[in-house]
Structures are given as structure tokens and as C-alpha cells.
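Novice: Before we start, here is the structure in question, set down as C-alpha cells.
The values are calculated or read from the model by the stated rules, or taken from the named source; none is laboratory data. These figures come from a predicted structure and were not determined experimentally. Note that each Cβ is placed from the backbone with ideal geometry, even for glycine, and that neighbours are counted across all protein chains shown.
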Amino acid sequence: MQFTVETTPAYAEVNGSGRLNMVAAPLLREVVAAVVAEGNHHVVVNMEGTEFMDSSGLGALIGCLKIARQAGGDLRIANVQPQVKMVLELTSMHRVLNPYESVDAAFPHA
Amino acid sequence: MKPFATRLLIVLTVILGVNYLAWRWLDSLNWSAWWIAVPLVLAETYSLIDVGLFGLAMWRIRERKAPPPPADATVDVFITTYDEPLDLVMTTALAAKDIRYPHSTWILDDGARPELADLAARHGLGYLTRSGDWADKPRHAKAGNLNNALMVTQGEFLLILDADQIPQPDILDNTLGYFNQRRVALVQTPQYFSNVPADDPLGSQAPLFYGPIQQGKDGWNAAFFCGSNALLRREALMQLGLAGYVTEVERGVHRALAGARSAIRKARRSPEAADPLVAGLLDEVEAATDAAREKLKAGGSLSEITYDLRTKVEGAVRTLVAGNFAALEADLAEIAAMELGSELGTPEPDQLDGAVERMSQRDWSPLGALGSVQAVLDAVSVERPDEAQPVMPLATISVTEDMATSMRLHSMGWESVYHHEVLAYGLAPEDLKTMLTQRLRWAQGTIQVMLRENPLAQRGLKLGQRLMYFSTMWSYLSGFAAVVYFAAPVIYLTLGILPVSSLSTDFFIRFIPFMVVNQLLFAVVGKGVSTWRGQQYSLALFPTWIKACTTAARNVWLGRPLGFAVTPKARQAEGNSWHLILPQLVAIALLLVALVVGAVRLATGLNEPVGTLVNVAWVIFDLLILSVLVKAVRYKGFTPDERNVDAVHR
């Protein structure tokens with residue numbers, strides 16, 4: 001899986017394309033930890049190109065959420081694909097990681 | 001033929017057992033000696049239930065043959081260690097490296113020993129210690145060690161090995177095939193010990209458990225995880241962790257918001273609240289927590305509720321602190337205008353912003369003075385701030401994480417497999433003290449799980465699975481029954497008090513057939529393996545089992561520590577260990593005294609011959625049970641030439 005990062009004044013956008021599975025999970029955690037360490041406390045993970053996610057991937061997102069919150073910011077997800085949406089709902093995780101329609105909708109006031 | 005014979009024996013055992021026990025309850029109790037009659041019949045009822053649960057497992061004994069392994073599975077081999085000698089860890093690690101099926105080998109060193117890190121690097125092995133997240137957080141022993149490693153590794157399947165469990169090269173080839181079934185989450189193989197002499201004085205081998213019992217549980221899809229020599233599917237563990245995470249977060253946020261009102265009320269009565277700044281802040285916090293509670297009731301998203309609450313409270317703190325500074329600034333300006341404090345100067349706006357920012361931060365915030373309110377706000381969170389990792393795949397509710405984890409897997413609908421082939425050779429304790437510590441820990445962990453997540457009440461488990469888990473927990477209650485079994489014959493022989501109304505043919509025709517069929521059942525399912533050692537220890541270690549029950553109950557209900565110790569792998573210093581079995585020595589003394597007194601009472605006509613005969617036989621049985629401990633105390637450790645070890649140490 002490939003990750004790219006774009007920073008705007010309001011938030012950092014992490015783009016992940018491919019499969020967010022047990023192989024990619026530790027990598028995602030590293031990428032977001034680095035982004036937050038650089039001072040971008042508000043992070044949007046744009047999942048437009050993420051066609052598949054397993055429990056390890058979801059676990060990594062939770063780990064990233066913790067990193068962002070502890071820095072005083074937040075992590076949000078946007079543009080989720082049907083399979084990812086299904087995983088979120090199957091695990092009731094959408095209650096914690098609310099999927100936003102778009103990157104802009106994720107931090108509307110930021 | 002074999003299953004039919006087994007099942008016939010099970011049916012007969014249960015029928016004869018119920019027949020005997022019904023008579024005991026309805027028609028045999030000596031109520032004038034109720035204080036021993038009732039405990040004895042309860043102990044016998046306990047034992048019959050134990051036998052019934054055992055029979056239920058034997059009903060479905062399942063022998064499996066592993067399908068061929070998949071071609072391209074990814075596997076992480078985890079070797080967990082805390083303080084075991086380095087050469088022992090490395091022996092296991094290098095054997096793990098030599099496992100034939102492609103895999104990555106990792107040493108999970110909870111002791112964070114630099115020498116071990118060096119050794120691992122030199123041999124090209126992975127080496128992991130706890131991440132910084134674990135500082136000042138509960139470590140959760142082995143479960144925590146594994147959870148830490150799960151976050152930084154990638155294999156689809158995990159082989160878990162204790163530091164002393166030397167794996168065979170074909171351990172993965174012979175087990176991975178089971179995972180072709182998509183719902184299989186666990187494959188457990190036996191734990192076998194290479195440093196145990198043939199007569200096994202410490203009862204280390206568990207041929208009945210790693211054999212018919214696990215095979216029987218397997219028949220009910222309830223073979224369980226025993227902590228080592230097992231393979232797990234990462235996806236299943238992660239799902240378990242996620243489900244646990246959502247539950248914990250929901251529970252935590254609900255509980256915190258429910259307690260917010262009373263925390264704020266309490267804070268209002270505190271001396272700090274006399275400050276109008278703090279009082280105003282409390283109003284804001286109350287409004288914000290009320291709003292959060294409403295949103296939660298309406299089913300709002302937890303991430304938004306927690307984020308909004310925190311943002312609002314932070315905003316309120318900042319506004320109030322800034323207000324205070326504005327007043328301060330005005331005062332300073334006035335002072336300056338009076339030309340009295342010109343040297344003080346007026347703070348620059350930049351400086352002021354910085355000061356407001358700093359004073360608003362958590363540690364200096366006016367809320368910091370109000371511990372209870374701050375605690376509520378901290379708990380309204382999706383980060384599980386009390387834990388090192390938000391997602392904890394392996395259960396941490398017990399010191400034996402394994403059983404709790406597999407029970408949760410089963411209740412989520414996953415399947416397990418028991419593969420009956422020794423694929424790793426471990427080291428058992430070689431002295432009584434270490435052995436007792438280990439048994440105490442297992443028993444405590446099992447009772448903890450029984451009290452925290454009782455299988456009879458867990459959602460998602462099938463009836464058979466509930467009973468299989470319960471059966472193991474039930475067997476750890478044997479300490480109480482043992483005390484009664486030791487006391488009853490002593491009471492008769494010394495005082496002449498019988499717990500049954502009469503020892504007539506009524507007793508013998510019911511009791512003897514039951515006993516005979518029961519022992520026959522053991523012999524048939526044990527396939528000639530000696531189960532006697534196990535029977536001895538299940539009664540002889542009664543102080544350990546009772547201590548496990550009382551300490552675990554105090555731990556679960558009153559939050560007291562267990563006094564838990566890691567089982568040492570190296571033999572403890574030589575020394576006299578008779579003091580470790582003091583209660584049993586007292587029991588032995590009482591039984592011997594009872595024999596003498598019983599003989600005297602018989603000779604003087606105070607006791608009757610039949611009662612004496614039965615109780616003397618009973619005392620002899622009790623002494624045979626307890627005699628294993630004499631052997632155990634005198635055991636000097638394993639000397640390799642006692643058996644062929646070539647097969648073990650390659």
C-alpha cells in the first residue's frame with residue numbers, strides 16, 4: 001500500500017491507495033505518527049483509493065486516532081469505499097470512526 | 001467399537017452415579033451429624049457433576065488429521081520471555097528459526113535485555129520489547145507482551161511459544177492446513193516436557209488433558225488456547241481486540257457522563273469553587289456534559305461527542321483564563337498610568353497570548369484543582385487513556401490470558417482445533433516450590449475467568465461450549481471437596497460419628513458399581529496412559545486450589561492483588577521444602593492417628609466392624625493420594641540419563 005501526505009493550514013491529508021491490511025497497518029501507524037510529530041494535529045485519512053480493509057487496518061486507524069487525540073487534535077476518515085464501510089459497521093466501529101463524505105466535510109470549521 | 005464402548009461406559013457411569021447420589025440425598029443422610037453429613041453429600045455431588053462433565057467431553061472425542069498446509073501463508077513465530085536464562089531462550093529461538101515452513105521469528109523480550117537483543121541481531125532474529133506507550137500503564141504480563149508485538153508485525157498467522165518450548169521443524173507444516181477452513185482461529189498442540197522422569201513425581205505431564213480432554217472439547221468446538229504451542233489467526237485476534245475496544249469505549253463514556261453531574265456538584269462544594277473563575281468554568285462544563293449526554297442518548301457518534309466536549313471545555317478554560325488576564329492587564333495599565341509601576345511595563349499582546357495558552361493547558365488549568373471533574377473529562381474519550389494500546393487483542397482480564405481469549409473467540413463464532421501430536425518439547429518445573437507456584441497461577445487465572453466472564457452467562461457460546469469451559473473451571477473447585485474427603489473417615493474412626501445413617505447393603509450395592517464403572521471409563525479413555533498422577537494431584541493440592549479460589553475471588557470482587565509471580569524456569573535453590581506442604585502433612589498425621597484410634601475403638605467395641613473397615617479403606621486411599629507429595633518433596637530434579645532424550649535435544 002502507498003501513502004502520500006498533503007498538508008494544508010487546517011489539516012494534513014493522508015492518502016492511502018491499495019489494501020489496508022495486516023501488512024500495511026504498521027506502516028500507516030508510522031506515517032500518521034510522523035505527520036502528527038511534525039505538528040499537524042488534525043489529520044484526515046482519505047480512503048478513496050483504499051479498496052479493502054481488514055481488522056488490522058482498522059486497528060491501526062484506532063492507534064492513529066489515539067496519536068492525534070493525545071496531541072490535542074483529531075483524526076477523521078473520508079471517502080470510504082463499500083467494503084471499508086461494511087467492516088466499520090460490522091464491528092460497530094463507525095460509532096467511533098465516523099466516515100465523512102469528503103475530506104472537506106471532515107474538518108468543516110478548521 | 002471404541003466410541004460405542006466409551007459411550008456405554010459414560011451412560012452407565014451417569015446412571016449409576018445418579019442412582020447412588022439420589023439415595024444419598026433422599027435416604028441416607030445422618031441428620032444428627034449434619035455438620036459432616038451435609039458437607040460430605042455436597043462434596044459427592046460436586047464429584048458427580050465433575051464426572052458428568054468429563055463424560056460429556058468424552059462423548060465427542062475427536063481425532064483429526066491435518067490437511068496439507070497452504071502454499072503462501074505468512075507466519076510470525078513469537079517466543080515470549082521475561083527473565084529466563086539467555087541460552088534457554090536462544091535454544092528455542094534457533095530451533096524456531098529452523099522451522100521448515102517460511103516464517104519470521106521474533107523474540108518478545110519483556111525483560112528488555114540488551115544482551116538478548118545482541119544475540120538476536122547476531123542470529124538474524126527479530127527482537128521486540130514494549131513500545132514507549134507502555135510506560136506507566138498496566139503491563140498485563142504475557143498478554144501485554146503479545147499485544148505489543150501484534151501491533152508491529154504482519155504475519156497472517158502466529159505461532160506462540162514459551163521460552164522453553166523447543167519447536168520441531170515440522171510444527172507449521174503439520175498445523176497450518178487447518179486454517180484452510182476460514183472460520184478456524186486457533187490450533188492448539190500438546191505441551192509436553194522433556195525433563196520429566198517416567199514416574200513424573202510432580203505431575204507435570206498432563207496426558208489426560210493433552211489427549212482425551214482437549215479432544216473431547218474439540219468435538220464440541222471448544223478446544224481451548226493454553227498459552228503456548230498454539231497457532232492463532234491474526235484477523236480473529238484483531239477482531240476480538242476491536243470488539244473489545246468498542247465495548248470498552250462505549251462503557252467508559254457512558255459511565256463517565258453518568259457520573260458527571262455528581263462530580264460537578266461535589267466540585268461546587270469544594271473551597272476552590274469559591275473563586276468565580278472556577279465557578280463559571282463549572283457552569284460551562286456542566287452545560288457541555290449535559291449536551292454530550294443528550295447526544296449519546298440520541299445515538300450520536302462517539303468520536304464527535306468526545307471531541308466536541310473536549311473542544312468546548314478547552315475553549316471555556318481559555319476564555320476564562322484570557323478574561324482573567326484582561327483584568328490583570330487593565331490593572332497593570334492603571335498602575336502604569338499612576339506612574340507607580342512603570343518599571344513593570346505592560347505585557348506585549350504576543351506575550352499575553354502565550355501566557356493564556358500556557359495557563360490553559362491541562363496541567364495548569366483551573367480545572368486541575370478539581371480532580372473529580374478532570375477525571376470525568378479524561379474518561380470521556382475514545383483513546384482508552386488508562387491502557388497502553390487502545391486495541392488489546394489478547395484478553396487481559398486474567399493472569400491466564402489464554403483461556404479467556406479463546407472463550408471470546410468462540411463466542412464470536414470462531415472455531416478451534418486441537419491437534420494431537422507433540423510438536424514442541426518444553427521444560428517443566430523441577431522442584432515442588434516452582435510447581436506449586438505454577439499450579440496456583442493456572443488455578444487463579446481460571447477462577448478469575450469464571451468470576452469475570454462466566455461461560456454459562458456468555459453470549460454467543462453454544463451450550464456444549466459453555467459446559468466445556470465450565471468443566472475446566474469446575475475441576476479447580478476440588479480443594480473444598482478434598483478437605484471433606486480427608487475429614488470424614490477421620491471423624492468416624494476417632495469419634496464414631498457416621499455421616500450416613502447406616503452402612504448396610506444399601507450403600508454397597510449403589511456405591512461399588514458406580515465406582516467400578518467410573519474407574520473403567522478412566523482406563524478406557526486414558527488408553528493405558530496413567531491418569532493416577534492427575535487424580536492424586538487434583539486432591540492432594542487442596543490448599544493450593546482453595547487458596548486460588550479465595551485469592552481470585554478477593555481479586556475480582558474486592559480488587560485486591562493476586563500476589564502473582566512468574567513461574568521460574570530454572571530450578572530453585574536446594575533446600576528443605578516440607579514446609580510447603582504443611583496442611584497436607586497435618587492431614588497425613590490426622591489420618592494416621594485415626595487409624596490407631598480406630599483400632600482401639602474397634603477393640604473396645606465403641607466402633608462397629610463394617611464402619612471401621614470402610615473407613616480404614618478410605619483412609620488408606622487418602623494416604624495413597626497424599627503420598628505423591630512425599631515423592632515430590634524428595635525429588636531432586638531431573639537427570640537426563642533417566643530416559644532417552646536424543647529425540648528431544650537435537
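Novice: Could you identify the single residue in B:432, B:451, B:463 that is closer than 16 Å to residue B:49 by Cβ, of a type outside the set (Phe, Trp, Tyr), surrounded by fewer than 23 Cβ atoms within 10 Å (Cβ to Cβ) and within 23 Å of the chain's Cα centre (by Cα)? It would help to see each step written out before you state the result.
Specialist: Numbers: B:432 fails: closer than 16 Å to residue B:49 by Cβ; B:451 fails: closer than 16 Å to residue B:49 by Cβ.
Step by step, each of B:432, B:451, B:463 is checked, and only B:463 is closer than 16 Å to residue B:49 by Cβ, of a type outside the set (Phe, Trp, Tyr), surrounded by fewer than 23 Cβ atoms within 10 Å (Cβ to Cβ) and within 23 Å of the chain's Cα centre (by Cα).
Novice: Give the residue that is modelled with the highest pLDDT, with candidates limited to residues of segment B:477-534 that are charged (D, E, K, R) and not in a loop (DSSP other than H, G, I, E, B).
Specialist: Narrowing segment B:477-534 to residues charged (D, E, K, R): B:506, B:510, B:527, B:533.
Of the ones still in play, those that are also not in a loop (DSSP other than H, G, I, E, B) are B:506, B:510, B:533.
On the way: B:506: 88, B:510: 94, B:533: 90.
The residue in question is B:510.
Novice: Kindly establish whether residue B:417 is assigned to a loop (DSSP other than H, G, I, E, B) and either within 14 Å of chain A (Cβ to nearest Cβ) or within 22 Å of the chain's Cα centre (by Cα) (or both).
Specialist: No.
Novice: Moving on. In the list A:35, A:45, which residue meets the criterion of being surrounded by 22 or more Cβ atoms within 10 Å (Cβ to Cβ), at pLDDT 90 or above and in a strand (DSSP E or B)?
Specialist: Working: A:35 fails: in a strand (DSSP E or B).
That would be A:45, the only listed residue that is surrounded by 22 or more Cβ atoms within 10 Å (Cβ to Cβ), at pLDDT 90 or above and in a strand (DSSP E or B).
Novice: Working only within segment B:212-252, note down all residues that are facing chain A (nearest Cβ under 9 Å) and among the aromatic types (Phe, Trp, Tyr).
Specialist: Keep residues of segment B:212-252 that are facing chain A (nearest Cβ under 9 Å), which gives B:234-243, B:245-247, B:249-250.
Of everything in segment B:212-252, just one residue is facing chain A (nearest Cβ under 9 Å) and among the aromatic types (Phe, Trp, Tyr), namely B:245.
Novice: Quick test for you: out of B:159, B:150, pick the one residue that is surrounded by 22 or more Cβ atoms within 10 Å (Cβ to Cβ), within 13 Å of chain A (Cβ to nearest Cβ) and either under 20 Å from the mean Cα position of the chain (by Cα) or more than 25 Å from residue B:427 (Cα to Cα) (or both).
Specialist: When all the criteria are applied, what remains is B:150.
Novice: Also, quick follow-up: Could you check residue B:397 against (1) buried (at least 24 other Cβ atoms within 10 Å of the Cβ); (2) assigned to a loop (DSSP other than H, G, I, E, B); (3) among the β-branched types (Val, Ile, Thr) and say which number it fails?
Specialist: (1)
Novice: Among the listed residues B:355, B:375, B:443, B:379, identify the single one that is more than 23 Å from the chain's Cα centre (by Cα), over 30 Å from residue B:301 (Cβ atoms), in contact (Cβ under 8 Å) with a residue 24 or more places away in the chain and not assigned by TED's automatic domain parsing to the domain that holds residue B:144.
Specialist: Criteria check complete, one pass: B:355.
Novice: Of the residues that make up segment B:461-476, is at least one among the hydrophobic types (A, V, I, L, M, F, W, C), out of contact with any helix residue (DSSP H, G or I) (no Cβ under 9 Å at 6 or more places or on another chain) and not assigned by TED's automatic domain parsing to the domain that holds residue B:192? Reasoning before the result, please.
Specialist: Restricting attention to segment B:461-476, the residues satisfying the condition of being among the hydrophobic types (A, V, I, L, M, F, W, C) are B:461, B:463, B:467-468, B:470, B:473-474.
Next, only the ones that are out of contact with any helix residue (DSSP H, G or I) (no Cβ under 9 Å at 6 or more places or on another chain) stay: B:463.
Okay, now just the ones that are also not assigned by TED's automatic domain parsing to the domain that holds residue B:192, so B:463.
Yes.
Novice: Are any residues in segment B:229-259 modelled with pLDDT under 90 and outside any helix (DSSP H, G or I), and if so, which ones?
Specialist: Answer for segment B:229-259, where residues must be modelled with pLDDT under 90 and outside any helix (DSSP H, G or I): just B:259.
Novice: Applying the selection to segment B:121-138, what residues are under 17 Å from residue B:152 (Cα atoms), surrounded by 15 or more Cβ atoms within 10 Å (Cβ to Cβ) and not aromatic (Phe, Trp, Tyr)?
Specialist: If the condition is that a residue be under 17 Å from residue B:152 (Cα atoms), surrounded by 15 or more Cβ atoms within 10 Å (Cβ to Cβ) and not aromatic (Phe, Trp, Tyr), then B:125, B:126, B:128, B:129, B:130, B:133 are the ones that fit.
Novice: Looking at segment B:173-183, can you tell me whether even one residue there is within 14 Å of another protein chain (Cβ to nearest Cβ), touching a helix residue (DSSP H, G or I) at 6+ places or on another chain (Cβ under 8 Å) and assigned to a loop (DSSP other than H, G, I, E, B)?
Specialist: no
Novice: So is residue A:72 more than 9 Å from chain B (Cβ to nearest Cβ) and either more than 13 Å from the chain's Cα centre (by Cα) or under 16 Å from residue B:133 (Cβ atoms) (or both) or not?
Specialist: On the way: more than 9 Å from chain B (Cβ to nearest Cβ): no; either more than 13 Å from the chain's Cα centre (by Cα) or under 16 Å from residue B:133 (Cβ atoms) (or both): yes.
Answer is no for this residue.
Novice: Tell me, yes or no, whether segment B:192-211 has at least one residue that is within 14 Å of another protein chain (Cβ to nearest Cβ) and either crowded, with 20+ Cβ neighbours inside 10 Å or within 22 Å of residue B:440 (Cα to Cα) (or both). Reasoning before the result, please.
Specialist: So the first thing to find is which residues in segment B:192-211 are within 14 Å of another protein chain (Cβ to nearest Cβ), and the list is none.
For segment B:192-211, residues within 14 Å of another protein chain (Cβ to nearest Cβ) and either crowded, with 20+ Cβ neighbours inside 10 Å or within 22 Å of residue B:440 (Cα to Cα) (or both): absent.
Novice: Also: Just one of A:39, A:57, A:49 is more than 14 Å from chain B (Cβ to nearest Cβ), in contact (Cβ under 8 Å) with a residue 24 or more places away in the chain and not β-branched (Val, Ile, Thr); which is it?
Specialist: Within the list A:39, A:57, A:49, the selection yields A:49.
Novice: Residues in segment B:522-536 that are closer than 13 Å to residue B:213 by Cα and small (Gly, Ala, Ser): how many?
Specialist: 2
Novice: If you don't mind, there's one more thing I want to ask. So, of the residues in segment A:90-110 that are in a loop (DSSP other than H, G, I, E, B) and in contact (Cβ under 8 Å) with a residue 12 or more places away in the chain, which turns out to be farthest from the other protein chains (Cβ to nearest Cβ)? Full working, then the answer.
Specialist: Of segment A:90-110, the ones in a loop (DSSP other than H, G, I, E, B) are A:91-92, A:96-98, A:101-102, A:107-110.
Among the residues that remain, those that are also in contact (Cβ under 8 Å) with a residue 12 or more places away in the chain are: A:91, A:96-98, A:101-102, A:107, A:110.
Values: A:91: 5, A:96: 5, A:97: 6, A:98: 4, A:101: 14, A:102: 16, A:107: 11, A:110: 11 Å.
Applying the filter and picking the extreme gives A:102.
Novice: Of A:80, A:87, which residue is more than 7 Å from every other protein chain (Cβ to nearest Cβ), among the hydrophobic types (A, V, I, L, M, F, W, C), on the phi < 0 side of the Ramachandran plot and part of a loop (DSSP other than H, G, I, E, B)? Even if it seems obvious, please write down each step before you answer.
Specialist: Details: A:87 fails: part of a loop (DSSP other than H, G, I, E, B).
On inspection, the qualifying residue turns out to be A:80.
Novice: Something else now. Filter segment A:1-29 down to residues that are farther than 15 Å from residue A:71 by Cα and assigned to a helix (DSSP H, G or I) and give me whichever is farthest from the other protein chains (Cβ to nearest Cβ).
Specialist: Per the stated criteria, the residue is A:28.
Novice: Let me ask you something else. Anything in segment B:482-531 that is polar (S, T, N, Q) and surrounded by fewer than 17 Cβ atoms within 10 Å (Cβ to Cβ)? List them, or say none. Before the answer, list the steps.
Specialist: In the first step, residues of segment B:482-531 are kept if they are polar (S, T, N, Q); the result is B:494, B:501-502, B:504-505, B:518-519, B:530-531.
Matches in segment B:482-531: B:501, B:502, B:504, B:505, B:519, B:530.
Novice: Let me ask another. Among what's in segment B:260-290 and is closer than 23 Å to residue B:318 by Cβ and under 40 Å from the mean Cα position of the chain (by Cα), pick the residue that is modelled with the lowest pLDDT. Steps first, please.
Specialist: Restricting attention to segment B:260-290, the residues satisfying the condition of being closer than 23 Å to residue B:318 by Cβ are B:260, B:263-264, B:267-268, B:270, B:272-290.
Those left that are additionally under 40 Å from the mean Cα position of the chain (by Cα): B:260, B:263-264, B:267, B:289-290.
Numbers: B:260: 86, B:263: 85, B:264: 86, B:267: 82, B:289: 91, B:290: 92.
Ranking the candidates gives B:267 first.
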